[in-house]
Amino acid sequence: MTGPEIPRRSALVAAACAAALTGLACGRQVPAPASTPPLTPVTATGVMKAVQDARGDVVLVNVWATWCDPCRREFPALLAVERELAGRRFTLILVSADFADQRAKVVQFLAQQRVGFPSYLKDEDDMPFINTLDPRWSGALPATFLYDRTGRLRDFWEGEASYEKLAGKVKALLGDAPERGVEGGSS
C-alpha cells in the first residue's frame, strides 16, 4: 500500500466510525442499541403463557441460538418484520436455546441486533421444551411458531425463513395479504 492510500483509507474508516457514533448509516437514522436487552429464563410453559398474555395479537415465536448460522442469518429478517409491524397487534417472542453459561454472549448478540424488547433464554431440558411447544418439532434450529389472535398455533416450520416468508405469513394472519404465493407453505 502506498502512502496516499493510507490517509484515504483512514479517512474512510474515521467517517464510518463517526457515522456509527452519530447513529447515521447510509443517510438513514439507526436506532441506538439497547444497552442491556432484557433476557429472562423461560420454560416452554412460560413461552406458552407469553403467547396467551399477547392474546389479541398475532404472535411469532422464534427459537434460535448464537451458535446457529441459519439463526443468525434469519435474525435481521425477524427484526425487520417486527419493526415494520410495530403497533399493529403483532408480537415477536425470541427464545435463545443457548446454554445458561452463554447468557452474556446472548445479551451481546441481542444488543448488537438492537433488540430492545424482552427476550428469553431456554431454561429447561430439550425434550420437555420441544414437546410442549410442538411434538412435531425435531429440535432443529431455528424453529418458528406462528399463533393467531386467539393464541391458536396456525403454522410451524424449522429452518431459516426469508423476510418475504415471515412477513407474508404474519400479514396473512393480520389480514393484510393472502398467504397464497408466499414462499414455503405450512409444514
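Quick note: the coordinates plus some simple rules give every number you see, no bench work behind them. Note that the coordinates shown come from a computational prediction; the quantities given were computed from them, not determined experimentally. Cβ coordinates were reconstructed from backbone atoms using ideal geometry, including for glycine residues, and neighbour counts include every protein chain displayed.
Per-residue Karplus couplings for segment 117-131, computed as 6.51 cos²θ - 1.76 cosθ + 1.60 with θ equal to phi - 60°, are listed in order as 10, x, 10, 10, 10, 4, 10, 6, 4, 4, 5, x, 5, 4, 5 Hz, Gly and Pro entered as x. Listed by Cβ neighbour count within 10 Å, with the fewest neighbours leading, 40, 66, 144 appear as 40, 66, 144.
For segment 33-174, the square roots a ≥ b ≥ c of the C-alpha gyration tensor eigenvalues yield an a/c under 1.5, which makes the shape rounded.
For segment 146-156, 3J(HN,Hα) computed residue by residue from phi via the Karplus equation (6.51, -1.76, 1.60; θ = phi - 60°) reads 10, 10, 7, 5, 8, x, 8, 5, 10, 7, 8 Hz, glycine and proline entered as x. Counting only residues 5 or more places away or on other chains, whose amide H sits under 5 Å from the amide H of residue 154 once H atoms are built in the peptide plane? The list, which skips near neighbours in sequence, is 146, 147, 148. Among residues other than residue 72 with Cβ under 15 Å from its Cβ, the summed charge is -1 (Lys and Arg +1, Asp and Glu -1). Taking amide H atoms as placed 1.01 Å from N in the peptide plane, the amide H of residue 93 lies under 5 Å from those of 60, 61, 62, each 5 or more residues away in sequence or on another chain. Residues whose amide H falls under 5 Å from that of residue 119, counting only those 5 or more places apart or on a different chain, are 39, 40, with hydrogens built in the peptide plane.
With each label modelled as a point 7 angstrom along the Cα→C-beta vector, the residue 52-residue 100 pair spans 2.5 nm. For the residue pairs 122/171; 49/171; 49/122, alpha carbon separations beyond 25 Å are given by 122/171.
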